[in-house]
1. If you scan region 186-213, which residues turn out to be more than 9 Å from ligand 1 (Cβ to nearest atom), surrounded by fewer than 17 Cβ atoms within 10 Å (Cβ to Cβ) and not in a loop (DSSP other than H, G, I, E, B)?
2. It is to be established whether one or more residues within region 278-301 are of a type in the set (S, T, N, Q) and more than 16 Å from ligand 2 (Cβ to nearest atom).
3. Pick from region 63-105 the residues that are farther than 20 Å from PHE304 by Cα and among the polar types (S, T, N, Q): which of them is farthest from ligand 2 (Cβ to nearest atom)?
4. Evaluate region 267-285: report whether one residue or more is of a type outside the set (Gly, Ala, Ser), more than 22 Å from the chain's Cα centre (by Cα) and away from ligand 1 (no atom under 16 Å from the Cβ).
5. Return the residues of region 214-236 that are of a type outside the set (Gly, Ala, Ser), within 10 Å of ligand 2 (Cβ to nearest atom) and not in a loop (DSSP other than H, G, I, E, B); say none if nothing qualifies.
6. Of the residues that sit in region 143-165 and are in contact with a Ser or Thr (Cβ under 8 Å, 6 or more places away or on another chain) and part of a loop (DSSP other than H, G, I, E, B), which one is farthest from ASP235 (Cα to Cα)?
7. Please pick out the residue among GLU239, GLU231 that is among the charged types (D, E, K, R), more than 16 Å from ligand 1 (Cβ to nearest atom) and over 25 Å from PRO262 (Cβ atoms).
Amino acid sequence: MRFPLTCNLAADWRIAVLVLSVYSVAMCLNMFGAGTVTADSFVAGDRFRDCPVCPEMIVVPARDFVMGSPHYEVGRPPQERPPREVSVREKFAMALYEIKISEWKSCASEDACASGADIQSEGNSEFGWREWKRTLPVVGISWSESKKYTAWLASKTGFEYRLPSEAEWEHAARGGTSTGQFWDGLEDTVCEFANLDVSNGCADGYEGIAPVGSYQANAFGLYDMIGNVAEWVEDCWYEGYEWAPTDGTPSLRTERPEPLAPGPVGDCNQKVYRGGHWKSDLDEARSASRAGLGMDERSDYIGFRIVRALP
Ligand SMILES: [Ca+2]
Ligand SMILES: [Ca+2]
């Protein structure tokens, strides 16, 4: 009975192809984030990318940490105080690098991000940012414009992409440390970890912005959290942490909890940016250091980095 045997072999072969195809599709869906991957599937340090032009992400652990300048850092500006215990309750994913020019261009090419004409009038290059290598981080992007990028990524992937809260950012920058910088703070080691102003004495070959990932990562595997380009976060600007949330969410408060309560009032027309940049001295390039700028202002010092919630 050779005929049925041939039939069975052919059928087996077709089933094998079918199973392989279904498996491949499932793998693709998982790879691009449309599968049933839950937060429990991720562990800290996992890397993934939700689409071919999406930034590479790394999973940051949930943790309690002390946010702000510790008491022993004498003379720190009041906006870094009072130091307080903050609980980042959920692990999340953060872009390994500052958002690159090439990544911004993917958004701009779909008309979802600013792409030139309106920025050109300010005398910059074709796309309104400095066009060196494609691995350079994008700068000259306002806070409002950076939000368009996260909205584009969210709609493209179906995942919650957004700017980090200031608490998430500082937790990620510290990488489990409580010192001024995530490295040991010795002056002769600075040049291995951060692209800062030439006055820091680094013969690193970059007087301006460096390609992302040119310096060593912190303990969470994140590059350039300190230095290179400063990074927008979600929070409104405020002069101190008196009324800032302690659960890892952004501070969006514009009024005191009670009219006569002491402490600063937030200004949501200004947003916080973090980490110092290529023109910063060491004092500015600390995990606790913070600054604010108008939400529609642009700067050659400021780019951004994104996070994604894990479902
Ligand atoms: Ca440098
Ligand atoms: Ca940076």
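FYI, it's all coordinate maths here, none of it is from the lab. Remember, it's a predicted structure, so these values are computed and weren't measured experimentally. We place every Cβ from the backbone using ideal geometry, glycine too, and count neighbours over all the protein chains shown.
1. Across region 186-213, the qualifying residues are GLU187, ASP188, THR189, GLU192, SER199.
2. Scanning region 278-301 turns up no residue that is of a type in the set (S, T, N, Q) and more than 16 Å from ligand 2 (Cβ to nearest atom).
3. My answer is SER87.
4. Scanning region 267-285, I find at least one residue that is of a type outside the set (Gly, Ala, Ser), more than 22 Å from the chain's Cα centre (by Cα) and away from ligand 1 (no atom under 16 Å from the Cβ), so the answer is yes.
5. Residue satisfying the conditions is GLU231 alone.
6. Step by step, filter region 143-165, then rank; the result is LEU163.
7. Only one candidate passes the filter, namely GLU231.
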